[in-house]
Amino acid sequence: EIVKQIINSTKVEERNKIWNLGIKIGRYHVYLPKMLKPKAVSLRISLWRLFHQTGINQNIPRSGLNYLIDKKYNRNFLLLCGFEKFKNHYVRIDILEKLFIKILNKTEKRKFKIDSEMMNLIGCNKEGFYSLMLSMNYKKSKETDTYFYTGENKRKNKFMDVKRNENPFKKLLSLNLK
């Protein structure tokens, strides 16, 4: 919610500058696509292991994998690898943003019909996709293969109060990254 408030208060010109720096502002995520590349993920994991002085030897999800079912993975480890968790499903963040765009484009009267293009994007079977939709707070409609968004449980966190005038992205704009 705090990031959403900051992003909504960011002017279009500032967003364009952020975009030109290689930072993507998606519907639900702010991320660096280049940091989702295999070498960047591998480096990040190595640095994380050094910092935490741990020998945890979890396998990095193979390159090109967009979807995992939680069997033995640590949530924080997969977040470090660029995956968001929804109950027992993990989806790569950039693919998740593409899915949200497809859902928005197909939504009529707050409902959308799933298709093979969505399932192919995620890279899972029909049952896995239906389960993922339920995990992401979408509910099944009475019509075949049709879902609608039910919303999230919005809790107000009293410990996090951001002033609307503060914009952490301004610091990014002042960096000379050439």
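Just give me the residues in the range 4-54 being touching a Pro at 6+ places or on another chain (Cβ under 9 Å) and open to solvent by 50 Å² or more (accessible area, probe 1.4 Å), in sequence order.
Passing the criteria: only K24.
From the list F77, F112, pick out the single residue that is open to solvent by less than 60 Å² (accessible area, probe 1.4 Å), under 30 Å from D145 (Cα atoms) and among the hydrophobic types (A, V, I, L, M, F, W, C).
Exactly one residue qualifies, and that residue is F112.
Mind checking whether some residue in the range 86-97 is of a type in the set (D, E, K, R), assigned to a strand (DSSP E or B) and open to solvent by less than 50 Å² (accessible area, probe 1.4 Å)?
yes
Which of the residues belonging to the range 21-43 are free of Cβ contacts under 8 Å to residues at least 60 places away in the same chain and not small (G, A, S)?
Those that are free of Cβ contacts under 8 Å to residues at least 60 places away in the same chain and not small (G, A, S): I25, V30, L32, K34, M35, L36, K37, P38, K39, V41, L43.
May I ask you to list pairs of residues, at least six apart or on different chains, whose Cβ atoms are under 7 Å apart, with the first in the range 4-20 being of a type outside the set (D, E) and the second being in a helix (DSSP H, G or I)?
Between residues of the range 4-20 that are of a type outside the set (D, E) and residues that are in a helix (DSSP H, G or I), the close pairs are T10/F169; K17/L173; I18/F169; I18/L172.
What pairs come up if the first residue lies in the range 52-66 and is at pLDDT below 75, the second is surrounded by 11 or more Cβ atoms within 10 Å (Cβ to Cβ), and their beta carbons are under 7 Å apart, counting only those six or more places apart or on different chains?
From residues that are at pLDDT below 75, the pairs are I56/R49; Q58/Y73; Q58/N74; Q58/F77; I60/V41; I60/S42; I60/I45; I60/C81.
Does at least one position in the range 115-131 carry a residue that is crowded, with 19+ Cβ neighbours inside 10 Å and either touching a Pro at 6+ places or on another chain (Cβ under 7 Å) or farther than 25 Å from S63 by Cβ (or both)?
Within the range 115-131 (the criterion being crowded, with 19+ Cβ neighbours inside 10 Å and either touching a Pro at 6+ places or on another chain (Cβ under 7 Å) or farther than 25 Å from S63 by Cβ (or both)), the answer is no, since none of the residues qualifies.
Considering only the range 119-141, how many residues are farther than 20 Å from I101 by Cβ and not in a helix (DSSP H, G or I)?
4
Say whether the condition of being surrounded by 11 or more Cβ atoms within 10 Å (Cβ to Cβ), polar (S, T, N, Q), at pLDDT below 90 and out of contact with any Cys (no Cβ under 7 Å at 6 or more places or on another chain) is met by at least one residue in the range 154-166.
Checking the range 154-166: not a single residue is surrounded by 11 or more Cβ atoms within 10 Å (Cβ to Cβ), polar (S, T, N, Q), at pLDDT below 90 and out of contact with any Cys (no Cβ under 7 Å at 6 or more places or on another chain).
The values are calculated or read from the model by the stated rules, or taken from the named source; none is laboratory data. Small disclaimer: the values here were computed from a predicted structure and weren't measured. Note that each Cβ is placed from the backbone with ideal geometry, even for glycine, and that neighbours are counted across all protein chains shown. In case anyone asks, the SASA skips ligands and DNA or RNA and just uses the protein heavy atoms, side chains included. Shrake-Rupley method; radii C 1.70, N 1.55, O 1.52, S 1.80 Å.
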